[in-house]
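The values are calculated or read from the model by the stated rules, or taken from the named source; none is laboratory data. Everything numeric in this text was worked out from a predicted model, so none of it was measured. Positions of Cβ are backbone-derived with ideal geometry, glycine not excepted, and every protein chain shown enters the neighbour counts. To get the accessible areas, we keep the full protein, side chains included, count just its heavy atoms, and leave off ligands, DNA and RNA. Shrake-Rupley method; radii C 1.70, N 1.55, O 1.52, S 1.80 Å.
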Amino acid sequence: MQGRVEPGFEAVVAAVAACGPGVMVAAILDGVAVADLWTDGLAEHSLVCTWSSIKPITGACLLLLEERGQIGLDDPVVSVWPEVGDERMLVRHVLSHTAGRIAVPRAPLTDWPGSTAALAAQPADWPPGEVLCEHAMTFGHLVGEIVRRVDGRSLGTFFREEMAAPLGLDIAIGVAESDLGRIADTVGLDRAWWEAICGPIGAPRERSLGAWFDVNDPAWRRAEVPAVNGHATARGLARFWQAFLDGRLPKGLGEPGSTGVDRFVGSEVTWSLAGGLVDGGEVGMGGLGGQWAGARPNDRLAWAFLTSHVGDHERADAVERALLTAVADRSAR
């Protein structure tokens with residue numbers, strides 16, 4: 001265990017240590033870093049694959065264009081991307097996992113022109129706006145292609161220039177060659193594990209996740225797959241959500257976009273207008289293998305949990321409980 005915590009947050013150290021190797025946690029309370037920790041297998045500036053925890057960041061890029069008046073939530077996607085061919089699909093559907101285009105296209109996701117063309121041309125899974133189902137792999141390509149058509153820049157470039165650099169965020173969507181050496185290998189995500197989480201062939205989860213791929217492949221890390229292949233430090237993700245609490249990011253990050261039983265998740269959820277989750281007093285997004293990043297506005301807390309060792313979300317839940325207990329104790333003083 002390495003890093004630091006503010007006095008009163010010592011229980012967070014124990015909670016993180018109990019998570020085992022390959023874990024990184026950062027928390028910011030009232031704008032002050034109260035926890036910044038990492039365990040064996042990671043260094044202070046290691047980059048870890050975020051998986052779906054990057055989705056609200058991807059969504060925020062499109063919301064920024066909406067905030068600037070360059071596109072509207074109720075604009076048909078065909079107004080900027082005619083090849084989609086369905087005038088019923090609105091920008092808000094894409095952002096709130098109701099676009100009805102969950103199936104992973106046949107072209108490799110690392111091939112942006114090929115995969116977006118295939119995604120636009122393939123049959124819809126459902127009519128837009130009718131079914132909630134997390135667009136596990138396609139969310140980033142749908143959002144990213146709209147951003148590219150409106151702005152001219154790729155999603156990764158737009159994010160780097162408009163958010164990461166101005167806000168000082170150690171987050172990348174498409175890692176630069178010079179930073180590849182900082183990435184911690186993902187451990188435990190083999191073909192058998194992937195097939196187990198996909199479930200039966202033809203089910204929504206299987207269609208949404210597609211075939212197994214090597215997340216440790218440098219070509220995957222360099223590519224832009226904005227639904228899942230962000231790479232970040234926990235500190236970078238916590239700072240993103242602190243910027244949201246500070247009012248420096250679009251409000252849609254915390255506003256409900258759709259609510260209902262999600263066919264990928266298997267339970268009732270509320271998706272935000274940025275593709276993340278709104279759950280009671282919390283807004284953010286989890287990720288495959290145990291990741292979490294988000295904010296609790298009522299608690300004035302922004303925090304992130306990243307792991308290079310895939311597992312369930314019990315580790316992040318335990319760390320969150322320790323954090324919230326420490327926050328409550330501080331508030332009671």
Residue list for the range 259-280, filter: of a type outside the set (Asp, Glu), touching a Leu at 6+ places or on another chain (Cβ under 9 Å) and either outside any strand (DSSP E or B) or under 13 Å from Leu73 (Cα atoms) (or both): Arg263, Phe264, Val265, Ser272, Leu273, Ala274, Gly275, Gly276
Test: residue in the range 167-184 that is in a helix (DSSP H, G or I), in contact (Cβ under 8 Å) with a residue 60 or more places away in the chain and in contact with a strand residue (DSSP E or B) (Cβ under 6 Å, 6 or more places away or on another chain): yes
Candidates Gly284, Gly275 - the one that is buried (at least 19 other Cβ atoms within 10 Å of the Cβ) and touching a strand residue (DSSP E or B) at 6+ places or on another chain (Cβ under 7 Å): Gly284
Filter result for Val131 (open to solvent by less than 60 Å² (accessible area, probe 1.4 Å), among the aliphatic types (A, V, I, L, M), in a helix (DSSP H, G or I) and within 26 Å of Leu90 (Cα to Cα)): no
Cross-chain or 6+ apart pairs with Cβ under 6 Å, the range 251-268 first and more than 15 Å from Val94 (Cβ to Cβ), then of a type in the set (Lys, Arg): Phe264/Arg205
Filter result (among the β-branched types (Val, Ile, Thr), assigned to a helix (DSSP H, G or I) and free of Cβ contacts under 8 Å to residues at least 24 places away in the same chain) within the range 185-211: none
Which listed residue is touching a Gly at 6+ places or on another chain (Cβ under 7 Å), under 28 Å from His45 (Cα atoms) and open to solvent by 40 Å² or more (accessible area, probe 1.4 Å), from Asp185, Asp190, Asp170: Asp170
Out of Ala184, Ala238, Ala232, sole residue that is under 19 Å from Val48 (Cα atoms) and in contact with a Phe, Trp or Tyr (Cβ under 8 Å, 6 or more places away or on another chain): Ala238
Number of the condition not met by Trp51 [criteria: (1) of a type in the set (Phe, Trp, Tyr); (2) over 26 Å from Thr270 (Cβ atoms); (3) open to solvent by less than 10 Å² (accessible area, probe 1.4 Å)]: (2)
